Amino acid sequence: MREIRAAVVGAGRLGSLHAAKYAAIPGVKLTHVVDIDAARAAQLASQYGAASATDFRTLDCQVEVVTVASPGVTHFEIASHLLRAGCDVLLEKPMAATVEDARSLTALAESSDRILQIGHLERFNPVVHHLRSILNGPRFVECHRLAPFTERGTDVDVVLDLMVHDLDVLMSLTGADATSVEALGVAVLTDQIDVANARIRFSNGMIANVNTSRVAPRRERKIRFFQPDAYISVDYEARRIQIYRKSPAPAGTTFPTISAEQIDLGEADPLADEVASFIAAVRARSTPAVTARDGLRVIELIERIRICMEQP
């Protein structure tokens, strides 16, 4: 099996995790770590016997695959350069900070022979995979993605930082497009929106109420689906699905009963699965699990949400 040379741009928490996943895949060698903080790049690189650098351009002709885990506002500049330099790229979310940049990246990916996979990690969560066999025309969805405040991700607003996950899950599970959007956002601790709510109607008639905060007192990652035959509650972090179904009324009674089922999907490593799927697509020269166009659809929806938030 041909050895693939890999690099990570961004040596923060997420970049460190990507580095570990590459190092664990047979046939992949992590050879470079890049970060504008030279000491941080060198520290992470030293764990894997890799070279360190402060400029992503030094990767030209040195590696074949790159994870871009730098701040979101830098994604377009870095990913577009690496694609043109002949690298296959796993680009962490958000795909880009603007819809114009996302469209340019999509066009570049589709006109080249390079692979661009967008890092929508929840796609690899086993509960999301399992949902595909349960969902049956959901009519209403309630999403809550809450987190205590940290400085990580504050280069972009909370819609690009956190809500992006649930928007991708909704669009990938249903295949539907948004037909109307209402949204509100509030800046609390930063100069960008930290708390956001969006109410979205989709082309299949489904309505989603999406709530996101990065200044919450507790962490929560849950999504609930209401469909004609069931109520489905999903805890992303516990990897647990609870299903409530209506059963016919027992003989001699008037009202139906509710039956409950709980599915615990156990331990998993979605990031390892994501990186492995990227490497598999690189080896096979096949369509990645999350394409540039998938990422673009989410950024286009985010743009509509932001426009609504700016309206008086």
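Read-outs throughout are calculated quantities, based only on the coordinates presented, and are distinct from any laboratory measurement. From a predicted model like this one, the values you see are computed outputs, not experimental measurements. Neighbour counts run over all protein chains shown; Cβ positions are idealised from the backbone, glycine included.
In plain terms, the chain from Phe149 to Gln62 could stretch by 27.6 nm, reckoned as 0.36 nm per residue minus the Cα-Cα distance.
The alpha carbon gyration tensor of the stretch 111-160 gives principal lengths a ≥ b ≥ c with a/c of 1.5 or higher and a/b no greater than b/c, which makes the shape oblate. The mean sequence distance of close C-alpha pairs (under 8 Å, at least 6 residues apart), as a share of the length of the chain, puts its relative contact order at 17 percent. Label zone of Ala38 (point 7 Å out along Cα→Cβ, amide N under 17 Å): in the stretch 51-95 this covers 51-59. Estimated from helical segments only, the mean residue ellipticity of the chain at 222 nm is -9500 deg cm²/dmol, where each DSSP H run of four or more residues counts as -39500 (n - 2.57). Within the chain, the whole DSSP H helices whose Cα atoms reach 20 Å or more along their own axis and whose mean Kyte-Doolittle score is at least -1.0 are 270-284, 292-310. Here the contact order of the stretch 233-312, divided by its residue count and restricted to Cα pairs under 8 Å and six or more residues apart, works out to 18 percent. Neighbour counts of C-beta atoms inside 10 Å place Met206, Met95, Met1 in the sequence Met1, Met206, Met95, starting with the fewest. If you add up the charges near Glu237, with Lys and Arg at +1 and Asp and Glu at -1, over every other residue whose beta carbon is less than 10 angstrom from its beta carbon, what do you get? That works out to +3. Residues His81, His32, His18, ranked from the fewest to the most other C-beta atoms within 10 Å, line up as His81, His32, His18. Sorting the segments 5-17, 260-272 by their mean number of nearby beta carbons within 10 angstrom, highest to lowest, gives 5-17, 260-272. One decimal place: the segment Gln227-Asp264 gains 11.2 nm when fully extended, by the rule 0.36 nm per residue minus the C-alpha distance.
Please find the FRET efficiency linking Glu220 to Ala251, where r is the Cβ-Cβ separation and R0 is fixed at 30 Å, and quote it to the nearest 0.05. Each step should come with its number before you reach the end.
Working: r = 41 Å, r/R0 = 1.38.
Calculated value: 0.15.
Neighbouring Cβ atoms within 10 Å as the yardstick, rank Asp157, Asp101 fewest first. Kindly include the intermediate steps, with their values, before the conclusion.
Numbers: Asp157 27, Asp101 19.
Ordered by Cβ neighbours within 10 Å, fewest first: Asp101, Asp157.
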